[in-house]
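J.: Please find one structure pasted underneath; my questions will follow.
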2 protein chains.
Amino acid sequence: MAEQIAIAARRAFEASQLVAASERDVALASIREALTTARDEVLAANAKDMEAAKPLVEAGKLSASLLSRLDLGRPGKYDAMLQGITDVAALPLPTGVVTFAKELGPGLELHRVTCPVGVLLVIFEARPEVVVNIAALAIKSGNAAILKGGKESVNSTTVLSRIIAEALAKTSIPSTFVQSVSTRSEISALLAQDKYIDLVMPRGGNELVTSIKNQTKIAVMGHADGICAVYLDKTADEHKAIRVAVESKIDYMAACNAAETLLVHESLVSTLWPKVANALVAVGVSLRADAATLAALAGTPAAANATASTEEDYYTEFLGPIIAVKVVSGVNEAIEHINLHSSHHTDSIVTEDEASMSAWARGLDSANCFINASTRFADGTRYGLGTEVGISTGKTHARGPVGLDGLVIYKYVLRSTKDDGSVIADHEKGGKGYTHTDISREQAPF
Amino acid sequence: MAEQIAIAARRAFEASQLVAASERDVALASIREALTTARDEVLAANAKDMEAAKPLVEAGKLSASLLSRLDLGRPGKYDAMLQGITDVAALPLPTGVVTFAKELGPGLELHRVTCPVGVLLVIFEARPEVVVNIAALAIKSGNAAILKGGKESVNSTTVLSRIIAEALAKTSIPSTFVQSVSTRSEISALLAQDKYIDLVMPRGGNELVTSIKNQTKIAVMGHADGICAVYLDKTADEHKAIRVAVESKIDYMAACNAAETLLVHESLVSTLWPKVANALVAVGVSLRADAATLAALAGTPAAANATASTEEDYYTEFLGPIIAVKVVSGVNEAIEHINLHSSHHTDSIVTEDEASMSAWARGLDSANCFINASTRFADGTRYGLGTEVGISTGKTHARGPVGLDGLVIYKYVLRSTKDDGSVIADHEKGGKGYTHTDISREQAPF
């Protein structure tokens, strides 16, 4: 069963490569239209999911926020989902872009052209509209996709997937270009289909990503915990320090780009630090502070909300109103601390010193290295990427907020227009050598 | 032990990030000088490896070609190894390149800057000079490396690694930036160090790559078998067809970019095909042909070297003077055959038809899609990439011949120059929005 799904996805991908890229936008329009028509049917299925979830929320087995994410009937939600399809259609095509072009010799031209990765397996939780969002991104980028939603949204997801397939059937993109599965055992079986599936994208936390990496030979793109830090350097400006530290911590505490650690330069312990501490405590944050930063709060209002930290605190994603605080001797120690303890996601320095900025941007092994800016900026939409497929804390393929560009790879197209074709003997072993001249990247050869 | 090596590599990588990139060339020069001085010592160690290998070759346990690859004392070999270091030093820096730059708002600039991946684990066979080559590539690209050579070259590799470490110790690049290990058990232990190692590069065949993928959560870049095809389309030119088919097959039969399969358009079976068949047989190639192509050879000289093919032949990397032949009904069937049977490495079409060329370039799911050109062109040096780290048949990160660009990823550097720093509240929730204006990519911010 899993193998059949994977083979169908592979065939759909391969067939779609012979279809003009402009047909992808036609397919997106068809899906939008079908979902507009089927609104009542989708909302009815979603209502079933909501009904099933409510007792679980009351029994404390599901969170109330999950229930809210599950609800497609919230005012504006369905229209936003439809608008998302239109927005993705309007993005520039990530495929067919020439990223390298050389003449190897007269009449022999090489182009490196971006193309879809192939077949994606995307695993996500709760929010049913993600099915539509991922389907749109996959279609726009030319990748076939197999989707697995959360078990709480199974009714919604099943109906949405069927409508997408029916809408595709009316276009030149195969209807199996986007498929969905609903059980965990199907995922395990799909993770073995490395012959047909090219990339797995678990959209969830560290546990999901690690568990999937342990199960598959397929490349995995995803993000681990978001253990982000703010570092107040020796020359930190007070106003910047308070604004950046406070927003990074409290703007949206459940987000992966929220700050969990605050590092303080030793020269600031009795000056700037108590002011920042009081600003954090004033908005409800508890401090887990090392000996030096804890002692410095004696007699300040913040002292009441400060306790001694443990080493474990510096590895913890609190996802709530707690921050771990530690003194460091300078930017190098701050970088060392973060490289060792963080999840290599997003970290921000507050400084006026160019040398510290340079060390930060170069030495920090994080996807997003910020200077005097809130960690909350780490987001594809804020970056102007158009949309965000997810955030990657991996070190290969794509890193940080991943846009449509993260769903493509490239192929080399070599074309000889010589009268007798091209063989390497024309260029080597007494042949005429290679010219290796750069040529125009304006247009892909086909 | 493996963990200590991995941690040492990680620390060396992190420390090196704070060193100016120009120091990498200083380190390369230091290594070249040290290896020039130590020539006798290295050749003495290599002679030990040769002595140990000779009885194994005589007993048929090692191939004579392996012995030749092992020999650093062959005329010109040592000097070529030294020149290789100079050549790598002369390549453009792959790091510090800005690939995306936007102003998010006044005084808030985002740059995406290429940077090293981190710590590489490279596993290779036989040729001891690969240690020096990989060390040079790792240093130039800013990646720390842990190297494991073939057991036949252990004496050479050990001495070369020690000299490299000593040469690094005289520079600002840490001496543990390049380390080597010599046993298979150390590799297994290193494959578990996903906390410290970012990328594994097995430079060997399919079996090595698959075995490593099964053992690790770390990203793996490598190439599988090279099952490459040449397809003679309906409009194929005779001269081009013979030149491309013959060179693709026989130029270097042990190479991964040599042709193993020949697909023939059905309209050519009694016309062009016998001429190509005779040209192949004339240079010593045996044909494994399907019913139609076999029957068409009756009465020709090629018939003596042609036998009936099996389905298995179309999945086989012969690496010798054999080619599997099959009739197809057109370019679409050729693409389907190759996508199913090949290793997605390099395939060439011989055609005069633009529509076939376009279908080939788009529909073929191979790293290298060639038109009227020998499959032997698939090579980093021939492509003008400067050097080749390896060839990847994976679908993420890097594909096809991989140059230094394949050893880098990127990070996002966001810098606020605003008087009060930047928080998202300045732009959202009633703030001023984002400008998302493209800005110059000329220079990295640090």
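The values are calculated or read from the model by the stated rules, or taken from the named source; none is laboratory data. Please read all numbers here as calculations on a predicted model, not as lab measurements. Counting neighbours? That spans all protein chains shown, and the Cβs are built from the backbone with ideal geometry, glycine included. The area values use the complete protein model at the heavy-atom level, side chains included, leaving out ligands, DNA and RNA. Shrake-Rupley method; radii C 1.70, N 1.55, O 1.52, S 1.80 Å.
So that you can scan it fast, the table gives a plain yes or no per residue for (1) within 23 Å of B:Lys148 (Cα to Cα); (2) modelled with pLDDT of 95 or more; (3) touching a helix residue (DSSP H, G or I) at 6+ places or on another chain (Cβ under 8 Å); (4) open to solvent by less than 30 Å² (accessible area, probe 1.4 Å):
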position	(1), (2), (3), (4)
B:Ala6	yes, yes, yes, yes
B:Val26	no, yes, no, no
B:Glu33	no, yes, yes, no
B:Ala45	yes, yes, yes, yes
B:Pro55	no, no, no, no
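J.: Here is a further query. B:Pro401 is checked against (1) more than 7 Å from chain A (Cβ to nearest Cβ); (2) open to solvent by 10 Å² or more (accessible area, probe 1.4 Å); (3) of a type outside the set (A, V, I, L, M, F, W, C) and fails just one. What number does that condition carry?
T.: Against the list (1) more than 7 Å from chain A (Cβ to nearest Cβ); (2) open to solvent by 10 Å² or more (accessible area, probe 1.4 Å); (3) of a type outside the set (A, V, I, L, M, F, W, C), B:Pro401 comes up short only on (2).
J.: Let me ask something else about it. Tally the residues that are at the interface with chain A (Cβ under 10 Å from one of its Cβ atoms) and farther than 16 Å from A:Phe446 by Cβ, restricting the search to the stretch B:305-349.
T.: Result for the stretch B:305-349: 5.
J.: In the stretch B:231-251, which residues are open to solvent by 10 Å² or more (accessible area, probe 1.4 Å), assigned to a helix (DSSP H, G or I) and in contact with a Leu (Cβ under 7 Å, 6 or more places away or on another chain)?
T.: From the stretch B:231-251, those open to solvent by 10 Å² or more (accessible area, probe 1.4 Å) are B:234-240, B:242-243, B:246-247, B:250-251; that's our starting set.
Pick out the ones that are also assigned to a helix (DSSP H, G or I) and you get B:238-240, B:242-243, B:246-247, B:250.
Hits for the stretch B:231-251 are B:Glu238, B:Val246.
J.: Out of (1) within 14 Å of chain A (Cβ to nearest Cβ); (2) open to solvent by 60 Å² or more (accessible area, probe 1.4 Å); (3) charged (D, E, K, R), what's the single condition that is false for B:Glu51?
T.: So the condition that B:Glu51 fails would be (1).
J.: Considering only residues of the stretch A:252-295 that are open to solvent by less than 30 Å² (accessible area, probe 1.4 Å), out of contact with any Cys (no Cβ under 9 Å at 6 or more places or on another chain) and among the β-branched types (Val, Ile, Thr), which is nearest to A:Glu238 (Cα to Cα)?
T.: The selected residue is A:Val276.
J.: How many of the residues in the stretch A:404-418 are within 7 Å of chain B (Cβ to nearest Cβ) and either assigned to a loop (DSSP other than H, G, I, E, B) or of a type in the set (A, V, I, L, M, F, W, C) (or both)?
T.: 3
J.: If you don't mind, another one. So, in the stretch B:358-373, exactly how many residues are closer than 19 Å to B:Leu262 by Cβ and open to solvent by 10 Å² or more (accessible area, probe 1.4 Å)?
T.: Of the residues in the stretch B:358-373, 1 are closer than 19 Å to B:Leu262 by Cβ and open to solvent by 10 Å² or more (accessible area, probe 1.4 Å).
J.: Further question: Is it the case that the stretch B:375-384 has a residue that's at pLDDT 95 or above, at the interface with another protein chain (Cβ under 7 Å from one of its Cβ atoms) and touching a Gly at 6+ places or on another chain (Cβ under 7 Å)?
T.: no
J.: Take B:Thr176 and tell me if it is in contact (Cβ under 8 Å) with a residue 24 or more places away in the chain, in contact with a strand residue (DSSP E or B) (Cβ under 9 Å, 6 or more places away or on another chain) and of a type in the set (Val, Ile, Thr).
T.: Values: in contact (Cβ under 8 Å) with a residue 24 or more places away in the chain: yes; in contact with a strand residue (DSSP E or B) (Cβ under 9 Å, 6 or more places away or on another chain): yes; of a type in the set (Val, Ile, Thr): yes.
So B:Thr176 passes the test.
J.: State which residue is most open to solvent (accessible area, probe 1.4 Å) when the search covers only the stretch B:201-230 and only residues that are within 10 Å of another protein chain (Cβ to nearest Cβ) and touching a Gly at 6+ places or on another chain (Cβ under 9 Å).
T.: B:Lys213
J.: Ok, one more. Give the residues of the stretch A:231-255 that are of a type in the set (Ser, Thr, Tyr) and more than 11 Å from chain B (Cβ to nearest Cβ), sorted by residue number.
T.: Listed by number, the residues that qualify are A:Tyr231, A:Thr235.
J.: Something else: Identify the single condition in (1) under 20 Å from B:Ala169 (Cβ atoms); (2) within 14 Å of chain A (Cβ to nearest Cβ) that B:Thr157 does not satisfy, given that it satisfies every other one.
T.: That leaves (2) as the condition not met.
J.: Still on this structure, I have one more. Of all the residues that make up the stretch B:339-367, how many are within 18 Å of B:Ala245 (Cα to Cα) and free of Cβ contacts under 8 Å to residues at least 24 places away in the same chain?
T.: 1
J.: Can B:Lys170 be described as more than 24 Å from B:Met50 (Cβ to Cβ) and open to solvent by less than 10 Å² (accessible area, probe 1.4 Å)?
T.: So B:Lys170 fails the test.
J.: Here is a follow-up. What is the residue count in the stretch B:374-398 for residues that are under 21 Å from B:Ala136 (Cβ atoms), small (Gly, Ala, Ser) and open to solvent by 10 Å² or more (accessible area, probe 1.4 Å)?
T.: Total meeting the criteria: 3.
J.: So is A:Asp353 at the interface with another protein chain (Cβ under 7 Å from one of its Cβ atoms), in contact with a Lys or Arg (Cβ under 9 Å, 6 or more places away or on another chain) and among the acidic types (Asp, Glu) or not?
T.: No; evaluated as a whole, the condition is false for this residue.
J.: One residue is enough: does the stretch A:386-398 have a residue meeting the conditions free of Cβ contacts under 8 Å to residues at least 24 places away in the same chain and away from chain B (no Cβ under 11 Å)?
T.: For the stretch A:386-398, residues free of Cβ contacts under 8 Å to residues at least 24 places away in the same chain and away from chain B (no Cβ under 11 Å): present.
J.: In the stretch A:8-18, which residues are among the aliphatic types (A, V, I, L, M) and open to solvent by 30 Å² or more (accessible area, probe 1.4 Å)?
T.: Let us first name the residues in the stretch A:8-18 that are among the aliphatic types (A, V, I, L, M), namely A:8-9, A:12, A:15, A:18.
The answer is A:Ala15, A:Leu18.
J.: Follow-up. Taking the condition of a type outside the set (A, V, I, L, M) and facing chain A (nearest Cβ under 7 Å), does B:His436 pass?
T.: Here the answer is yes, as B:His436 does meet what is asked.
J.: Okay, next question. How many residues are assigned to a loop (DSSP other than H, G, I, E, B), surrounded by fewer than 17 Cβ atoms within 10 Å (Cβ to Cβ) and touching a strand residue (DSSP E or B) at 6+ places or on another chain (Cβ under 7 Å) if we restrict to the stretch B:419-440? Spell out the reasoning first.
T.: Our first condition is that a residue be assigned to a loop (DSSP other than H, G, I, E, B); within the stretch B:419-440, this holds for B:419-421, B:423, B:427-436, B:439-440.
Then keep just the ones that are surrounded by fewer than 17 Cβ atoms within 10 Å (Cβ to Cβ); that gives B:419-420, B:428-433, B:435-436, B:439-440.
Of the ones still in play, those that are also touching a strand residue (DSSP E or B) at 6+ places or on another chain (Cβ under 7 Å) are B:432, B:435-436, B:439-440.
Going through the stretch B:419-440 one residue at a time, the tally reaches 5.
J.: Please work out which one of (1) in contact with a Phe, Trp or Tyr (Cβ under 9 Å, 6 or more places away or on another chain); (2) without any contact (Cβ under 8 Å) to a residue 24 or more places away in the chain is the condition A:Arg39 fails and give its number.
T.: (2)
J.: Go through the stretch A:261-286 and count every residue that is free of Cβ contacts under 8 Å to residues at least 40 places away in the same chain and in a helix (DSSP H, G or I).
T.: Of the residues in that region, 8 qualify.
J.: Please verify whether B:Val413 is among the hydrophobic types (A, V, I, L, M, F, W, C) and in contact with a Ser or Thr (Cβ under 7 Å, 6 or more places away or on another chain), treating the condition exactly as stated.
T.: Against the criterion (among the hydrophobic types (A, V, I, L, M, F, W, C) and in contact with a Ser or Thr (Cβ under 7 Å, 6 or more places away or on another chain)), B:Val413 does not qualify.
J.: Select, from B:Asp194, B:Asp198, the only residue that is open to solvent by 10 Å² or more (accessible area, probe 1.4 Å), touching a strand residue (DSSP E or B) at 6+ places or on another chain (Cβ under 6 Å) and farther than 30 Å from B:Ala334 by Cα.
T.: It is B:Asp198.
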